[in-house]
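Below: the structure, in C-alpha cells.
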Amino acid sequence: MITQEKYRSKAKKLLADGSVKMVIGYSPGSTADRRRPLFVRSFEEADQLVLDSNCIANLSGYLVTEGLLSDEKRVAIFLRPEGIRSLNILAAESQLNVDQIIIFGFDSIGREVSSLSGEHAGEFSELISSIKENPPEKSSEPLLYQIEQMNPQERFAFWKEEFSRCIKCYACRQSCPMCYCRRCIVDSNQPQWVNTSSHTLGNFEWNIVRAFHLAGRCVGCGNCDRSCPVNIPLRLINARMAAEVLESFDHFAGMSTTQEPVLASFKKEDSETFIL
Amino acid sequence: MAKIGVFICHCGENIASKVDCTKLAAAIGEHPGVAVSVEYKYFCSEPGQESVKKAIRDNNLTGVIIAACSPRMHEATFRKVCAEAGLNPYLCEIANIREQCSWVHNDNDMATEKAMDITRSMIEKVKRNNKLQPIEVPVTRRALVIGGGVAGIQAALDIANAGQEVVLVEREPSLGGHMAQLSETFPTLDCSQCILTPRMVEVAQHPKIRLLTYAEVEHVDGFIGNFKVKIRMKSRYVNRDVCTGCGDCMVKCPVKKISSEFDCGLGKRTAIYTPFAQSVPNIPVIDKASCIYFKNGKCKTCMKSCQINAINFDMQDEFIDLDIGAIVVATGFQIQNTAGYGEYGYGKYPDVITGLQFERLATASGPTSGKILRPSDGKEPETVVFIQCAGSRDPSKGVRYCSKICCMYTAKHAMLYAHKVHHGKSHVFYMDIRAAGKGYDEFTRRTIEEDDASYVRGRVSKVWLENGKLMVRGVDTLLGRPVTIPADMVVLATAMVPQPNAKEFAKTIGIAYDEYGYYNEAHLKLRPVESSSAGVFLAGACQSPKDIPDSIAQASASASKVLALFSKETLEREPVVASTNEATCAGCWGCVLACPYNAIEQKDILDRSGRIIKRVASVNPGLCQGCGTCVTFCRSNSIDLAGFTEKQIFAEVMAL
C-alpha cells in the first residue's frame, strides 16, 4: 500500500507539472486477483492506479504503440525488473528512446510489494546483473526440469501434445513486448512460410519460429504464457532458449540499452560448437 | 506461360554411369512448363553449347536448366550461352546432378530419382526467376601494394610502368625486405644488393608510385574496385620531407650497442638509425624503446647535431585515408624461432647460427665485411657443418611443409664458404636434395663436385661443445652408421614461417589463410595469385615459401591481374544483391550489425514537410556481396535477395 501511494502521488506530480504526458500502470481487473492496464492521462485519473502483487503483466510492449512516443514527450510506466530488461532491449533495437521513459520500478515477494530505486533505464544495471548472477532455483519450474529429463522422442511427443491445442490466435505474439514487427512473418503469404491452419505442422512452425525470434531477447516475463487461451506453457520454450544463449554466448537479455542482439553480432571468443 | 528448356548432361561417364539420363529426360519432359528436355554427352562442349542456343531461339524459351555439374564449374559458361541466344543470363539455372548426386551415390535407380527431384526443384525455381541486369561500379585505378620486399617492389614497378598509380606500404623504415639481407643469390651468384637496390631506388623515384615506409595498413573497407584503406604512418621522429640522409645524427647518437635486427644480431646499431647503408628512403627513424631521451627525457644529441632541424621528438602517428581499386598483398615471411631446437644448441652456443645469419656474414655489407668469422671469437672456422631441414618437414616442430629454398641456399653457403675459406671443409646433413628449378640441380652438383662439400644423407640428433669444438652427432643413412663431426661453426637451415601477425592481418584485409597462416589462393592451380576476396591478389612468400624467381614471377602475375582490372573504367558485378521492404521493415538494425560488408545503412523516410516518418534499413547494392546473412536474420522477412528470392527458394523446397 505504501508503494502504491508513493507512486500514485509521484504520478500525480509528474502529470500535474507536465513532465509526462501519460502514466502506464495497472487498474483493478474483472476479478479480484486480475489487473488490467491503465493509461493515465490526467492528474485526476491517477487515483485509479493500483499496485499490488497481482500486477504481473509486463507493460513495456505498450510503449511501442505506433505514434505514442513520436511527439517526443515523456511517458511513465510501471515495470518489474523483467519489464526494465524488455525496455532495454526495445531501446537497443531502436524501437524507442529511453530518455522519454520514466520508470516506476517495483518488485514483489509474496504479497509484499516494494519499489525499486531509480527512474531511468541506466540506473538498474546493478539490479539486472544480480538477477543474471542469481538465477531462480530449478525447483521453481518443476515442469521445465521434468521436460529436460525427457529423451528427444518423449520431449517431441510432449510438445506435439501441447501444440495440438494451439488455435493460432497469436495472443502470445500480441502480448509479447518483443513482437513489435509491423508485419509478422506469419502474416506474409507470398510465400506462405508458416502454415496458417491449426494442425501439427503449422503449429510447430509457428511456435518454433517464435522461439527462435525470441532467442537472446526473451526476459521471461510470462506474458505469452498467461495470454494463451489454451494454456500451452510457452514460457518454458523461451526459458530454454534463454539458457542456451546464456551458456553459449554469455548473453543475458536486456542487460543494457546498448546490448547487441546475440544472433546478429559476432565476437571472436564466441564458441563455435555448432561447427563440426 | 513458362517454356523451360532442360538440358541434361552426361558429363561423359561422370553422370551417365549412375543417373539414367534418358529416363530423366523423359520424366522431366512431362513436368508442367517444360518445353524442351534433352540429353547430351557434353553440353559444355562447343556443339553442346550451340544446341542449347538453338533450342532457346527455336522454342522461345523463358528459362533454362542445365542439369550437370556444380554451378561453380559452369554456371558462368551457360549464362553466357543464354545471353548469346538472347535470353537474360539470370534466367539460367544449374541443377547439380553430378557433385550432389551421381558422384555420391551407388544405387542407380535412387540416383536417378534424386536427379529428378533436384531438376524439378530447379525448374520450379527458374519459373520464378527475374531478369537481372549486372550492376556497374566504378573502378578506382589506384593499386595498393602491401610489403616492400622484392615481390612488392616488382608488383609496384610492373603496375606503375603500365601507367597506373601505386601506393606501396612498407612497415619497416626501408624497402628491401629479406632480399636486402642476402649475400649472393643462387643459382647465378649475383650480389643480392646489387640487383635489388637499383629497383628500390626506381620505386622511390617513380612518378606513379607513392612510397610509404614505416607505415602499416590499419583498416580496409569496401570491395573490388572501391576499397577504402586507412594507413598508419608511424612516427619516425624525423621529418621525411626535409631530412637529407646525411647521417650526422647516427654518428652522434650515444646509444651504439643495440643489436641490429637487419644483421640478425651479429652487428650493432644506434638508437636513431637506418636499417642498412643503402636504405630507401635514406631517412633514419628513432627507436623509441632504446632512445635515451624517450627513457629519461634528456639527451637530444641527434637533434643538436641535425643542421636542418629535421628531428622532432613530439611527432605523432598520422593516418592517411586512401581510395584503392586493387590490393596486392606481399607481406613476406619470417624465419622460424630456432630456439625450439634445443638439441642443436642455438642460442646456447654463439657459433650455432641460422642460414640468414650466415648470409649476413657472407655479404660484403655485413658486420664482418664479407669475411666468414665465428661470432664467438672472430676466428675463421676451419670446418662448418650445415644442417638442412632444421625446422622444415618436421611435424614435431609444427612445420610439416618444405621451405623450398633451404637446399639451394645451403648449397650456396657451402660454395661461398669454399670460395672465401680455401682450406675450409664443409659438411651438409640433408634429408633429400630438392633442387627443382632452372639451373638448380647443376648448382648443387657444383657445390658437391667442384667445391668439395661433403653431403651426408641423414639427420643430426645433437650438437654439443667439447674442447672448443662443436660436436655434431648425426647419422649417415647411406652408410648406415652414426657420424660425429667436430665443427667450428654450425649453420641451421631454419624453416620459413608466415609473419607472426599474418592471421590477424588476413582478418584486417578479409582474406583466407591456411593452418600455418600462409594466405590462401582462390584456386591452387587455376587461380594461384588471386586471394579469396575479389580484388585482393597475392605475391611472394606470404602465400607459401618461395625463392626470389618465384616471388618475382608471382608479383608480375598479380600485377597483370591488377592491370586487367584497371583496363576498364567500370566493373560489372553480379546483380545478386539484397534489398529491403521499406513498408514492413521494423528498424531493429539487426541486419546492419549482421552484415559483414557494412552494406546496410539506415534510411529516413520523410513526409512532405521533411519530418521523419520512420527509419528503415537500406542496402547499398555497390557494397552488397549477396551473402544472404541479413535475409536470415530479419525477423519480419523484410529483406530479399535477388536471384534467391523467398518465392524462388520456397518453390524450390515445395517441389521436393
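Table: residues versus (1) in contact with a Pro (Cβ under 9 Å, 6 or more places away or on another chain); (2) in a loop (DSSP other than H, G, I, E, B); (3) crowded, with 20+ Cβ neighbours inside 10 Å; (4) outside the structural domain of B:Q625 (by TED's automatic domain parsing).
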{"site": "B:L479", "(1), (2), (3), (4)": "no, yes, no, yes"}
{"site": "B:P482", "(1), (2), (3), (4)": "no, no, no, yes"}
{"site": "B:E515", "(1), (2), (3), (4)": "no, yes, no, yes"}
{"site": "B:A522", "(1), (2), (3), (4)": "yes, no, no, yes"}
{"site": "B:K525", "(1), (2), (3), (4)": "no, yes, no, yes"}
{"site": "B:A541", "(1), (2), (3), (4)": "yes, no, yes, yes"}
{"site": "B:S544", "(1), (2), (3), (4)": "no, yes, yes, yes"}
{"site": "B:D550", "(1), (2), (3), (4)": "no, no, no, yes"}
{"site": "B:A553", "(1), (2), (3), (4)": "no, no, no, yes"}
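From the residues in region A:9-27 that are surrounded by 20 or more Cβ atoms within 10 Å (Cβ to Cβ) and in a helix (DSSP H, G or I), which one is nearest to the chain's Cα centre (by Cα)?
Per the stated criteria, the residue is A:A11.
Go through (1) outside any helix (DSSP H, G or I); (2) at pLDDT 95 or above and name the single condition B:C246 misses.
Going through (1) outside any helix (DSSP H, G or I); (2) at pLDDT 95 or above one by one, B:C246 breaks only (2).
Any idea which residue in region A:55-95 is farthest from A:Q4 (Cα to Cα), counting only those that are among the hydrophobic types (A, V, I, L, M, F, W, C), within 14 Å of another protein chain (Cβ to nearest Cβ) and buried (at least 21 other Cβ atoms within 10 Å of the Cβ)?
Here the residue is A:A92.
May I ask you to list the residues in region B:620-652 that are farther than 28 Å from B:S533 by Cβ and more than 9 Å from chain A (Cβ to nearest Cβ)?
Passing the criteria: only B:E652.
Say whether the condition of being within 14 Å of another protein chain (Cβ to nearest Cβ), surrounded by 19 or more Cβ atoms within 10 Å (Cβ to Cβ) and either without any contact (Cβ under 8 Å) to a residue 60 or more places away in the chain or assigned to a helix (DSSP H, G or I) (or both) is met by at least one residue in region A:28-43.
Narrowing region A:28-43 to residues within 14 Å of another protein chain (Cβ to nearest Cβ): none.
Taking every residue of region A:28-43 in turn, none turns out to be within 14 Å of another protein chain (Cβ to nearest Cβ), surrounded by 19 or more Cβ atoms within 10 Å (Cβ to Cβ) and either without any contact (Cβ under 8 Å) to a residue 60 or more places away in the chain or assigned to a helix (DSSP H, G or I) (or both).
Consider region A:164-187. How many of its residues are farther than 16 Å from A:S227 by Cβ and more than 14 Å from chain B (Cβ to nearest Cβ)?
1
For region B:152-175, how many residues meet the condition of being small (G, A, S) and more than 15 Å from B:A326 (Cβ to Cβ)?
So the count comes out to 1.
Return the residues of region B:329-344 that are small (G, A, S) and either in contact with a His (Cβ under 7 Å, 6 or more places away or on another chain) or surrounded by fewer than 21 Cβ atoms within 10 Å (Cβ to Cβ) (or both); say none if nothing qualifies.
Residues of region B:329-344 that are small (G, A, S), as a first pass: B:330, B:332, B:339-340, B:342.
B:G332, B:A339, B:G340, B:G342, listed by residue number.
Identify all residues within region B:584-611 that are touching a residue at least 40 places away in the same chain (Cβ under 8 Å) and either away from every other protein chain (no Cβ under 14 Å) or part of a loop (DSSP other than H, G, I, E, B) (or both); write none if there are none.
Of the residues in region B:584-611, the ones touching a residue at least 40 places away in the same chain (Cβ under 8 Å) are B:584-586, B:588, B:590-591, B:597-598.
B:T584, B:C585, B:A586, B:C588, B:Y597, B:N598 - these are the residues of region B:584-611 that are touching a residue at least 40 places away in the same chain (Cβ under 8 Å) and either away from every other protein chain (no Cβ under 14 Å) or part of a loop (DSSP other than H, G, I, E, B) (or both).
Out of the residues in region A:188-202 that are more than 9 Å from every other protein chain (Cβ to nearest Cβ) and surrounded by fewer than 17 Cβ atoms within 10 Å (Cβ to Cβ), which is nearest to A:S94 (Cα to Cα)?
Keep residues of region A:188-202 that are more than 9 Å from every other protein chain (Cβ to nearest Cβ), which gives A:189, A:194-202.
Filter once more, keeping what is surrounded by fewer than 17 Cβ atoms within 10 Å (Cβ to Cβ): A:189, A:195-201.
Values: A:N189: 27, A:N195: 30, A:T196: 30, A:S197: 33, A:S198: 34, A:H199: 36, A:T200: 35, A:L201: 34 Å.
Step by step, filter region A:188-202, then rank; the result is A:N189.
The values are calculated or read from the model by the stated rules, or taken from the named source; none is laboratory data. Values in this document were obtained by computation on a predicted structure and should not be read as measured data. Heads up, the Cβs are rebuilt from the backbone with ideal geometry, glycines too, and the neighbour counts pull from every protein chain shown.
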